[in-house]
Amino acid sequence: MIDKVYVIDTSGFIAQVDFRDGTTVTVPAVVDEIMDSSSRLRFDLLKDAGLRVELPDGACREKVRSAAISTGDVSVLSVTDLDILAKALELKSWFGVILVTDDYAIQNVAANLGIECKTAATPGIRKKVLWELKCTGCGNVVESGNVVGSGKAVVSGKAMKSGKAMVSGNVVESGIECPICGSGVRRRRVKG
């Protein structure tokens with residue numbers, strides 16, 4: 001019988017999902033995101049019951065990053081999001097993994113990697129989606145996920161600070177401008 005492993009994102013601690021029928025794992029960056037006292041208590045209780053906090057494998061991080069680029073979700077995923085996906089992918093080859101998250105971009109990338117997801121408090125995604133970044137002014141479709149020599153991510157042909165781009169609706173609010181006309185960039189569903 002294959003053991004069941006729950007890889008828990010921050011929402012799993014907030015919503016207090018039941019994990020009695022399997023092993024629990026998370027990544028250090030998720031632990032850093034736990035702020036409120038009830039979530040911290042939930043983390044402590046799970047830790048006492050055997051929750052493991054582990055870094056993901058570097059090769060799995062690269063596979064996840066490639067998958068996020070191919071789905072168009074890389075611009076809205078944080079380092080923590082990539083780590084939780086990488087840990088789930090790493091354990092997937094050995095165990096029956098269930099990734100617990102309410103983040104739709106994480107769920108979308110997980111679906112494309114064949115990782116089963118369970119939501120904590122939301123309905124979850126219904127189907128896989130492909131996204132592109134498109135200029136709101138001239139309509140230029142910009143490539144996401146590239147890295148320039150400075151280590152800053154290039155999302156629209158211009159360098160931006162690394163980390164998670166903030167999204168309000170489908171507008172990426174990170175100071176990203178179109179390299180052609182200087183207008184803002186919007187995430188747009190291509191397929192799904």
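Just wondering, is there one or more residues in the stretch 63-85 that are over 14 Å from the mean Cα position of the chain (by Cα) and either open to solvent by 30 Å² or more (accessible area, probe 1.4 Å) or over 18 Å from residue 11 (Cβ atoms) (or both)?
First pass over the stretch 63-85, keeping only residues over 14 Å from the mean Cα position of the chain (by Cα): none.
No.
Return the residue satisfying two criteria in turn: it lies in the stretch 43-62 and is in contact with a Lys or Arg (Cβ under 8 Å, 6 or more places away or on another chain) and crowded, with 19+ Cβ neighbours inside 10 Å, and of such residues it is farthest from residue 25 (Cα to Cα).
Checked the stretch 43-62; the qualifying residue farthest from residue 25 (Cα to Cα) is 60.
Might you let me know whether the stretch 164-171 holds any residue that is modelled with pLDDT of 90 or more and either in contact with a Lys or Arg (Cβ under 8 Å, 6 or more places away or on another chain) or open to solvent by 60 Å² or more (accessible area, probe 1.4 Å) (or both)? It would help to see each step written out before you state the result.
So the first thing to find is which residues in the stretch 164-171 are modelled with pLDDT of 90 or more, and the list is none.
Looking through the stretch 164-171, none of the residues is modelled with pLDDT of 90 or more and either in contact with a Lys or Arg (Cβ under 8 Å, 6 or more places away or on another chain) or open to solvent by 60 Å² or more (accessible area, probe 1.4 Å) (or both).
Counting only residues that are in contact with a helix residue (DSSP H, G or I) (Cβ under 9 Å, 6 or more places away or on another chain) and more than 18 Å from residue 13 (Cα to Cα), which one in the stretch 92-110 is surrounded by the most Cβ atoms within 10 Å (Cβ to Cβ)?
109
Of all residues being touching a residue at least 24 places away in the same chain (Cβ under 8 Å) and part of a loop (DSSP other than H, G, I, E, B) in the stretch 96-118, which is nearest to the chain's Cα centre (by Cα)? Just the residue, please. Can you show your working first?
Here is the first cut: in the stretch 96-118, the residues touching a residue at least 24 places away in the same chain (Cβ under 8 Å) are 96-103, 105-106, 108-110, 112-113, 115, 118.
Going one step further and asking which of them are part of a loop (DSSP other than H, G, I, E, B), we end up with 101-103, 115.
Working: 101: 9, 102: 10, 103: 7, 115: 13 Å.
Looking at residues that are touching a residue at least 24 places away in the same chain (Cβ under 8 Å) and part of a loop (DSSP other than H, G, I, E, B), I get 103.
Hey, can you tell me all the residues within the stretch 33-84 that are farther than 21 Å from residue 17 by Cβ and basic (Lys, Arg)?
61, 63, 65
Would you confirm whether or not the stretch 26-47 contains a residue that is within 29 Å of residue 142 (Cβ to Cβ) and either in contact (Cβ under 8 Å) with a residue 60 or more places away in the chain or not charged (D, E, K, R) (or both)?
Yes, because at least one residue in the stretch 26-47 is within 29 Å of residue 142 (Cβ to Cβ) and either in contact (Cβ under 8 Å) with a residue 60 or more places away in the chain or not charged (D, E, K, R) (or both).
The values are calculated or read from the model by the stated rules, or taken from the named source; none is laboratory data. Keep in mind that this is a model prediction, so the values were computed, not measured. Counting neighbours? That spans all protein chains shown, and the Cβs are built from the backbone with ideal geometry, glycine included. Note: areas computed on protein heavy atoms with side chains; ligands, DNA, RNA excluded. Shrake-Rupley method; radii C 1.70, N 1.55, O 1.52, S 1.80 Å.
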